[in-house]
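In what follows, a structure is listed as structure tokens, so that the remarks can point back to it.
The values are calculated or read from the model by the stated rules, or taken from the named source; none is laboratory data. Bear in mind that the values here come from a model prediction, so they are computed numbers and not experimental data. Heads up, the Cβs are rebuilt from the backbone with ideal geometry, glycines too, and the neighbour counts pull from every protein chain shown.
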Amino acid sequence: MKRKIIKIDEAICTGCGLCIPECPEGAIQLIDGKARLVSDLFCDGLGACLGFCPEGAITIEERESEPYDEIKVMENIVKQGKNTILAHIKHLRDHGETVFLNQAMEYLKERHINIADNEETKMNDQHFAGCPGSRNMELANKTSDTIPVQGQRPSQLSHWPIQMHLISPTAPHYRNADLLLAADCVAFSMGDFHNDYLKGKKLAIACPKLDDGRQVYLDKLIALIDMAEINTLTVMTMQVPCCGGLLSLALQAVESAERKVPVKNYIVSLEGEILREEWI
């Protein structure tokens, strides 16, 4: 069958192993100094490991593979102890994988394996161990009483399209521009994204976790640097780990390009606040 599954670029992987504990199914192991997908059966393709690789070596691709097998996964992770089981169950819950979750719980029930027999092991948000970018949480309520009314604010978007798959590096609006490369969720999190960060810049948006075609994005960024001769590159990402792949991609493009441009990075909290601002 053809489905989404992780892909590890062994040429980029340094064997640091940071991705391994972030895979709730145990699908990744270090073999001969490289992170490798040990079995298609273990990978659900949801990408909990994305963003934990400092080199950006892990992406999602769609290819022919064996179907994911929840029972095989359970057979594998029960050997690793209760914490690993909890991480996997929480991962399934937070991604809405009801079918697999039911299979996992039935597997545990049939074998009389108790995963919530005390307060320390109950599956609550205090012990969340799944994909950090998918954790359910409520943000502080920003009521109209705390937001000054200033009338209608015009959009600062000056061009279209803006999605990385659709933009053309040869489009005249990118020529000698200050480029803002933003993760898809950034503008929805920030109340004044247009006036404070987009104004005066040209925009491109992408999701490092869900978008396919990493090489396409890399080639376009290199072309924007070398052919469009952009002046600066600003990267804005969310605080969730899976978003870090966008900065990694931008830095790889700068390293591969013939021209060198200054890169500024913003990390945005889920409440829309700037957690970090730095030139790299």
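Considering the range 15-44 alone, what residues qualify as being assigned to a strand (DSSP E or B) and either among the acidic types (Asp, Glu) or under 19 Å from residue 92 (Cα atoms) (or both)? Spell out how you get there, then give the answer.
To start, the set of residues in the range 15-44 that are assigned to a strand (DSSP E or B) comprises 28-31, 34-37.
Within the range 15-44, 28 is the sole residue that qualifies.
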Practice task
Output yes when any residue across the range 246-267 is modelled with pLDDT of 95 or more, within 17 Å of residue 56 (Cβ to Cβ), under 19 Å from the mean Cα position of the chain (by Cα) and polar (S, T, N, Q), and no when none is.
Solution key: yes
Completion exercise
Exactly one of 27, 35, 11 is hydrophobic (A, V, I, L, M, F, W, C), at pLDDT 90 or above, in contact with a Leu (Cβ under 7 Å, 6 or more places away or on another chain) and within 29 Å of residue 253 (Cβ to Cβ), and that residue is 27
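Any residue at all in the range 66-80 that's under 16 Å from the mean Cα position of the chain (by Cα), in contact (Cβ under 8 Å) with a residue 12 or more places away in the chain and assigned by TED's automatic domain parsing to the domain that holds residue 97?
Keep residues of the range 66-80 that are under 16 Å from the mean Cα position of the chain (by Cα), which gives none.
No, there is no match, as no residue in the range 66-80 is under 16 Å from the mean Cα position of the chain (by Cα), in contact (Cβ under 8 Å) with a residue 12 or more places away in the chain and assigned by TED's automatic domain parsing to the domain that holds residue 97.
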Handout entry: Unique residue being part of a helix (DSSP H, G or I) and not acidic (Asp, Glu) when the list is 60, 12, 6, 85
Key = 85
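Is there a residue being touching a Ser or Thr at 6+ places or on another chain (Cβ under 8 Å), hydrophobic (A, V, I, L, M, F, W, C) and either farther than 19 Å from residue 243 by Cα or at pLDDT 80 or above (or both) anywhere in the range 94-112? If you could, list the steps in order and put the result at the bottom.
The first filter runs over the range 94-112 and keeps only residues touching a Ser or Thr at 6+ places or on another chain (Cβ under 8 Å), leaving 94-95.
Those still in the list that are hydrophobic (A, V, I, L, M, F, W, C) too: none.
No, every residue in the range 94-112 fails to be touching a Ser or Thr at 6+ places or on another chain (Cβ under 8 Å), hydrophobic (A, V, I, L, M, F, W, C) and either farther than 19 Å from residue 243 by Cα or at pLDDT 80 or above (or both).
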Exercise for the section: Test each condition in (1) in contact with a His (Cβ under 8 Å, 6 or more places away or on another chain); (2) touching a residue at least 40 places away in the same chain (Cβ under 8 Å) for residue 3 and report the one that comes out false. Expected result: (1)
Handout entry: Yes/no for residue 76 being over 30 Å from residue 253 (Cβ atoms), modelled with pLDDT under 85 and not in a loop (DSSP other than H, G, I, E, B)
Key = no
Handout entry: Residue list for the range 250-273, restricted to those being over 13 Å from residue 182 (Cβ atoms) and not in a loop (DSSP other than H, G, I, E, B)
Key = 251, 252, 253, 254, 255, 256, 263
